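Only one structure is covered here, and it is reproduced in the block below.
Each value in this text was obtained by applying a stated rule to the coordinates, not by laboratory testing. What you see is a predicted model; the values in this text were computed from it and never measured. Glycine gets a Cβ as well: all are built from the backbone with ideal geometry, and neighbour counts include every protein chain shown.
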Amino acid sequence: MNKKQLISIAIIGTVFTAAVHADTMVISKSEAIVNEFQGELKSKLVQAMKSGGPVNAIEVCKSEAPVITQLMSKKYNVELQRVSKKHRNPINKPDAMQTTILDYMESQPANSYYQEFGDNQAIYAKKITTAKVCLACHGDVVDASVASALEKHYPADLATGYKEGDLRGIFSVKWSANQHKNIGVKNLRKVDQNLWVGGQPSIAQIAELKEAGITRIINLRSDKEMKFDEAKVADQLGIEYVSLPIAGAKDINFENSRKVRKLLDEANGKVLLHCASSNRVGALLALSANEKGASKSASLAIGKASGLSSLEKVVTTLLK
Ligand code: HEC
């Protein structure tokens, strides 16, 4: 590496370090907010159960839970929620994005989720699992007194019939523009600790990704599509670069999904798997999940969570 290259990388590095740190901070801040929220709800619930049993606790939950939710949202300047497909209070109904996350959580052993979207917005979600203590008010069989209290306060209640271990819902923390800064890569998503997926990063963003710990880039775009020499940029930054050109619909098949899986499995450390918009990435990850035994709908949910969009039809016809 010559001196000029070193300097340009150093400059990119300084300019974007702040953004990278902000990004990691958003996740840990979201985690802290959820922990505090969960702690408050739990202590209210436990107190109310102790002092007057579940019927009393239902009344306390009804009056306190929405207030705690609003106050904590205000305190941290975020939109904090607990949402569930089978909800008790209709204000806890998930929106389209939260529904996608719930589908994803149902099909994956993931405990949390983070995604940047739109104009500098982000969502963090944490899984809520049904525990034994929850069954008194959310289980298959509830006491007659509990059933009548629920009937009275929540005539449209959907939140019973859960079993221990079931996905009960998610804590959702939404950050809007200017509350956080992100790396800015289109559709960037951290699937887990070692796999990030997304669209095309710019040269500056590749430097940020390096700062964020990416050690290997797998690019599904063809050389023809590329506006700069990504292999060279990666090389200069000390990131391993692998090219696996996927031309479009005709290259979406199980053979290629196996190749992607192999490239992911053999990597040491954190990988960025990208194409132009993450559509091809999502398509191949859906096929890969399907081949590993995920159902059709679970595979589609996995693909969509990772960017599958216009290739959905192609993927659907291939899924087993
Ligand atoms: C004493 C009865 C009671 C117990 C026990 C209880 N809940 Fe609830 N739960 C409620 C009530 C009442 C609401 C509606 C609160 C509101 O109006 O916002 C609720 C709402 C929720 C929601 C928000 C989504 C929705 O359905 O509206 C989640 C998530 C939830 N409970 C999870 C749990 C979990 C997890 C446990 C066990 C750790 C648990 N609950 C134990 C009574 C209970």
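A few comments on the model shown:
- Amide H within-cut-off set for residue 113, under 5 Å, with H built and near neighbours excluded: 125
- Segment residue 51-residue 136, length gained on full extension (0.36 nm per residue, minus Cα span): 29.0 nm
- Summarised in one figure, the compactness ratio Rg/Rh of the chain, Cα atoms and Kirkwood Rh, is 1.04.
- The relative contact order of the chain, computed from alpha carbon pairs under 8 Å that lie at least 6 residues apart in sequence, is 17 percent.
- For segment 189-318, relative contact order (Cα pairs under 8 Å, six or more residues apart, normalised by length) works out to 30 percent.
- Of all beta bridges that DSSP places with both ends in the chain, some 60 percent have antiparallel geometry.
- Distant-in-sequence amide contacts of residue 169, defined by a placed amide H-H separation under 5 Å and a gap of 5 or more residues or a different chain, comprise 128.
- Within segment 166-254, the trypsin sites (Lys or Arg not before Pro) that combine a DSSP coil assignment with at most 15 other C-beta atoms in a 10 angstrom radius are 227.
- GluC sites (Glu not before Pro) within segment 235-273: DSSP coil, no more than 14 neighbouring Cβ in 10 Å: 266
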